[in-house]
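Presented below is the structure to which this report refers.
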Amino acid sequence: MALAFDEFGRPFIILREQDQKTRLRGIDAQKANIAAGKAVARILRSSLGPKGMDKMLQGPDGDVTISNDGATILEQMDVDNQIAKLMVELSRSQDYEIGDGTTGVVVMAGALLEQAERQLDRGIHPIRIAEGYEMASRVAVEHLERIAQKFEFDVDNYEPLVQTCMTTLSSKIVNRCKRSLAEIAVKAVLAVADLERRDVNLDLIKVEGKVGGKLEDTELIYGILVDKDMSHPQMPKQIEDAHIAILTCPFEPPKPKTKHKVDIDTVEKFETLRKQEQQYFDEMVQKCKDVGATLVICQWGFDDEANHLLMHRNLPAVRWVGGVELELIAIATGGRIVPRFQELTPEKLGKAGMVREKSFGTTKERMLYIEHCANSKAVTIFIRGGNKMMIEETKRSIHDALCVARNLIRNNSIVYGGGAAEITCSLAVDAAADKYPGVEQYAIRAFAEALDSVPMALAENSGLQPIETLSAVKSQQIKENIPFYGIDCNDVGTNDMREQNVFETLIGKQQQILLATQVVKMILKIDDVISNSEY
Amino acid sequence: MPIDKIFKDDANEEKGERARMASFIGAMAVADLVKSTLGPKGMDKILQSTGRGHSVTVTNDGATILKSLHIDNPAAKVLVDISKVQDDEVGDGTTSVVVLAGELLREAEKLVTSKIHPMTIIAGYRMAAECAREALLKRVIDNKENAEKFRSDLMKIAMTTLCSKILSQDKEHFAEMAVDAVFRLKGSTNLEAIQIIKKPGGSLRDSFLDEGFILDKKIGIGQPKRIENAKILVANTAMDTDKVKIYGARVRVDSMSKVAEIEGAEKEKMKDKVKKILAHGINCFVNRQLIYNFPEELFADAGVLAIEHADFEGIERLGLVTGGEIASTFDNPESVKLGHCKLIEEIMIGEDKLIHFSGVAMGQACSIVLRGASHHVLDEAERSLHDALCVLSQTVNDSRVLLGGGWPEMVMAKEVDELARKTAGKKSHAIEAFSRALVAIPTTIADNAGLDSAELVAQLRAEHHNEGCNAGIDVISGAVGDMEERGIYEAFKVKQAVLLSATEAAEMILRVDEIITCAPRRREDRM
């Protein structure tokens, strides 16, 4: 630890409690950081690709998660190291931005770090490496843009979308029924998509899961599924042509916000109060009835009396419906959320062709289906599966597929998967390297090497000879000058990704390269790590 | 430069072979634990809880055993989870699903040691599971059209389910009871409507199904103990002091006399309410909430039977049975549907008085009274009966049935074996392994019965080589026998769920190549 002395030879205190802190400087700091980043990437490396393995994570309370999704694995890991945390952040931001490729981005960053370490050993300054990487990433992104293909689809012809979603799903445990799940995801996205503005609001897609049944029973519901049942056990279980009143006020006497007191000091007052109370309940139910509602969905609970009155007047009701669900119901049925009984009007009612209650298994669990809505702009994907972990993993996989479909609607450019994009970028970057004079050239070449590591990992996980396969594909790409050759992970027999229908979105791939480069640059620039030592 | 640790202090990480080994061993340990309870001659387990009182449960039900285990191994948790789901979804086969998953993993372990990649094994298992399902589908028997036959099918299923439980001595009796009860539900799967009342004393044989409805409550004092042609109002309302629900209301008085007045008004209010209730022309009033002494007295005066504090399910069931609606307001007597029954009386079972409603209008619900020597016997009897009821209610909806006694496993194993022969490549090893895992179930059944499993299974396999064979293991006689003649049947839905969930769980555990355990959350109170 460096110490500074003043003119009398006494040591300055620069950092508080200096001796209790450990400090790494210069090349050691970079090496330590790179090692940490690589360690994280190594964990995820075996999860990449269709034949990637899963990780089992046991949480602090003993709960078990089994996942193949990079972002989930990293998030659940109890990471303490600062650099490792950066990598976790990296995969999370890929998840937020794109939703897919969270494993790939970390593997990519790990490879970049590994290459950087080699360059550091050669004595190249970290800043030069960082700059070289920056240039290289620009080349790669431009190259991707050039080779990207637009593909056309519309509401009736969504086959290309399904193919892309299948690529995403094939690396998950759900790949058994990837076709049907991909179709569900695409249909869901198309149902809520605004094709004019090329925008998709994923909030409109609700993903519900219920343990039991099998994965094949997973279905897309053009409507809303609410995990609630009718408030009174004897209310009808099925309502056709429902007019739904969506209320956010409880079926209870009013509770003004301002403080008030009602003093009862005589018998008459007591009586009138009682009368009013009864009248109040009556009025509330009457108002709902008057506007023609045939179903009441309420955010709050009701009193027993109100419940019975509703039942008595043949007005089924659902209580304790969450705010988000309420909004979705409002969107789907074209109704308005009504905060006060006085404001109920027939126009504000939502309409649904069919509302029904369905029970599952041997337990008393019921769910409410709201279907054939006036405005089908909100859909629900209802997942069934053998156990809780399966459902959770399916939810994550569906989320990824939804994100991919959305990205395609936003920007319909695609590149080819199976490592094809990485290989062609690697070739392009390698070729570009020679044009740069100076030390950066080495860094750019290193970048090209790093790009190779993704297809390499894919081949490794698929049980192929990594180096042999990669060099074969590479030479094939150069020879035929076609950027569509990738790793044949599924043992189909061809490595033309066009034939295998393995696509990825252009923005996803670009984002992966940019994000990985950014984080690596950041890590390279750190030359001093000061941390509290063990206490 | 060595890598600093990435994880927090107590967190650890197991990789590759070690991780796979850890999960295999954990899962197999759990499977072996419940293995000895499989089949009609399976043994029971005693579970002692660590909670207060160290209460003891004696059971043979896989889901119950696994639920009460404290398990730290994550893979074992997956198995516990599937058994729980099996219990919720179909109710029976909770042991089989765990044993099958355990066997699948045991076979997978052998394959992994002979250098076959887990992904290849998974691909093989998937193909095998699909093929096994097809095989079962080809051999299902569906007697939905023929009501009489269907009923006898159900009886047989119930008997098969019950014969592995404590009730096996009186399985016919209980099977009859369960089938009757389920038929009363008329296709609904809401088992809540079947009430099981446990009363220690007597013997299991004294248990009975009551056509009417039994409520474990007492009749208020001074009220009639027997009512014929009862009109029942089922209510959920406060019969203590009715609170004023308007927010902020409070009573403010300035003299004693006013207090008395208000009290009088309150009483008047209650009286009014009782009057309104009486205006329905009822002679029995059942409330979910408390009934205070004052209104109780009023009811007694009017000669009305008032029952307080019936729990919520009781009320719902009563509503179902008597056809009345659950009321909370009483202003419109003419439009409230009342429940009817021929006779209400107080009956004695053992030491306790119960209220018995007989001759009810709609028979959607019913009560089963279980008698037995001790609480443990009763608890186990209830669980067994619950299993049977679950299976039956699922079978009513999906009427396909299969033979039992290891027959379905052999049928599947045969088909899967054939598939293995046809499949090229490494996958065929996995498919073969799947069929071995399937055969492990009849083997275990035979082993548990103390029979020569190797001999029996070999015989069985030979028998199954013939087309359309009905052979299975007859544990009672200890030989291979015709399952159709012996009347051993199982529900298709149960078998299918066992097959699919076990494969799914095995697949899930196989895919794992790394286990990351987070630091356990520190408990503050232990300090």
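We did not get these values from a lab; they are worked out from the coordinates using the rules stated. If you're wondering where the values come from, they're calculated on a predicted model, not measured in any experiment. Glycine also receives a Cβ, built like all others from the backbone with ideal geometry; neighbour counts cover every protein chain displayed.
Across peptide B:499-507, the mean count of Cβ atoms from other chains lying within 10 Å of each residue's own Cβ comes to 4.
Taking only alpha carbon atoms, the stretch B:432-496 gives an Rg to Rh ratio of 0.95, where Rh is the Kirkwood radius.
Candidates B:Val90, A:Ala41, B:Ile232 compared by Cα position along the dipole of the protein assembly as shown: farthest toward the positive end lies A:Ala41, with charges placed on Cβ.
As a length-normalised measure over Cα pairs under 8 Å and 6 or more apart, the relative contact order of chain B settles at 27 percent.
For peptide A:173-183, the mean count of partner chain Cβ atoms within 10 Å of a residue's Cβ comes to 1. Structural descriptor for chain A: relative contact order 26 percent, calculated from alpha carbon pairs under 8 angstrom and at least 6 residues apart. Exposure proxy shown here: for A:Leu48, B:Leu500, A:Leu295, A:Leu24, the number of other Cβ atoms within 10 Å sets the order, fewest to most, as A:Leu24, B:Leu500, A:Leu295, A:Leu48.
Stokes-Einstein D for the protein assembly as shown at 25 °C, 0.890 mPa s, Kirkwood Rh over Cα pairs, in µm²/s? So the translational diffusion coefficient is about 73 µm²/s. Averaging 1/r over every pair of different alpha carbons in the stretch B:213-362 and inverting the result gives a Kirkwood radius of 16.3 Å. Averaging Cα coordinates gives a centre for the stretch A:149-204 and one for the stretch A:33-94; these two points are 27 Å apart. Highest-first packing order for the peptide set A:306-313, B:26-33 is A:306-313, B:26-33, based on the mean count of other beta carbon atoms within 10 Å.
With the simple spin-label model, which puts each label point 7 Å out from Cα in the Cβ direction, the B:Ser257 to A:Asp199 separation comes to 7.3 nm. Our analysis of chain B gives Rg over Rh at 1.10, with the two radii drawn from alpha carbon positions and Rh computed by the Kirkwood formula. When peptides B:150-163, A:219-232 are ranked by their average number of other Cβ atoms within 10 Å per residue, the highest-first order is B:150-163, A:219-232. Between the Cα long axis of helix A:178-192 and the first principal axis of chain A there is an angle of about 60°, rounded to the nearest 10. Counting Cβ atoms of other protein chains within 10 Å of each Cβ in A:262-269 and taking the mean gives 6. As a calculated quantity, the FRET efficiency between B:Lys275 and B:Ser335 at R0 = 22 Å, using C-beta atoms, amounts to about 0.80. Each of the peptides A:335-343, A:34-42, B:205-213 was scored by the mean count of other Cβ atoms within 10 Å over its residues; in descending order, highest first, they stand as A:34-42, B:205-213, A:335-343. When the P(r) of the stretch A:49-185 is calculated, the portion above 25 Å amounts to 45% of the C-alpha pairs. Shown is the FRET efficiency for B:Glu17 and A:Asn411, computed with R0 = 60 Å from the Cβ-Cβ distance and rounded to the nearest 0.05: 0.90.
Would you compute, from DSSP H runs of 4+ residues alone, the mean residue ellipticity of chain B at 222 nm, taking -39500 (n - 2.57) per run and dividing by the full residue count, rounded to the nearest 500? The per-residue figure over chain B is -16000 deg cm²/dmol. Counting neighbouring Cβ atoms within 10 Å and putting the fewest first, the residues A:Val189, A:Val155 line up as A:Val155, A:Val189.
Length available on full extension from A:Gln238 to A:Lys269: 0.36 nm per residue minus the Cα-Cα distance, which gives 6.8 nm. Taking 0.36 nm per residue of sequence separation and removing the Cα-Cα distance, the B:Glu145/B:Arg421 pair yields an extension gain of 95.5 nm. The amide H of B:Cys284, built 1.01 Å from its N in the peptide plane, has B:Lys231, B:Leu233, B:Leu305 as neighbours under 5 Å, considering only residues 5 or more places off or on other chains. Within the stretch A:407-535, all pairs of alpha-carbon atoms sorted by distance into 5 Å bins from zero give the percentages 2, 10, 16, 19, 18, 13, 9, 5, 4, 2, 1, 0, 0.
Phi angles of the stretch B:125-131 translate, via the Karplus equation with coefficients 6.51, -1.76, 1.60 and θ = phi - 60°, into HN-Hα couplings of 4, 4, 4, 5, 5, 5, 5 Hz per residue; Gly and Pro are given as x. Using only side-chain charges placed at the Cβ, +1 for Lys and Arg and -1 for Asp and Glu, the dipole size of the protein assembly as shown relative to its Cα centre rounds to 840 debye.
In the protein assembly as shown, a dipole from Cβ-located charges (positive for Lys and Arg, negative for Asp and Glu) runs towards its positive end, and of A:Ile530, B:Gly359, A:Cys177 it is A:Ile530 whose Cα lies farthest in that direction. In terms of surrounding Cβ atoms within a 10 Å radius of their Cβ, B:Ser203, B:Ser358 rank from fewest to most as B:Ser203, B:Ser358. The stretch B:47-126 and the stretch A:423-498 have Cα centres lying 44 Å from one another.
Can you find, among B:Val58, B:Cys518, A:Asn307, the residue farthest towards the positive end of the dipole of the protein assembly as shown? Put +1 on the C-beta of Lys and Arg, -1 on that of Asp and Glu. Of the candidates, A:Asn307 comes out farthest on the positive side. For the stretch B:342-499, relative contact order (Cα pairs under 8 Å, six or more residues apart, normalised by length) works out to 22 percent. Each Lys and Arg adds +1 at its Cβ and each Asp and Glu adds -1 at its Cβ; summed about the Cα centre, the stretch B:213-362 shows a dipole of about 280 debye.
With viscosity 0.890 mPa s and temperature 25 °C, the Kirkwood radius over alpha carbon pairs of the stretch A:238-375 converts through Stokes-Einstein to a diffusion coefficient of 152 µm²/s. Counting only Cβ charges, +1 for Lys and Arg and -1 for Asp and Glu, the dipole size of chain B around its Cα centre is about 820 debye.
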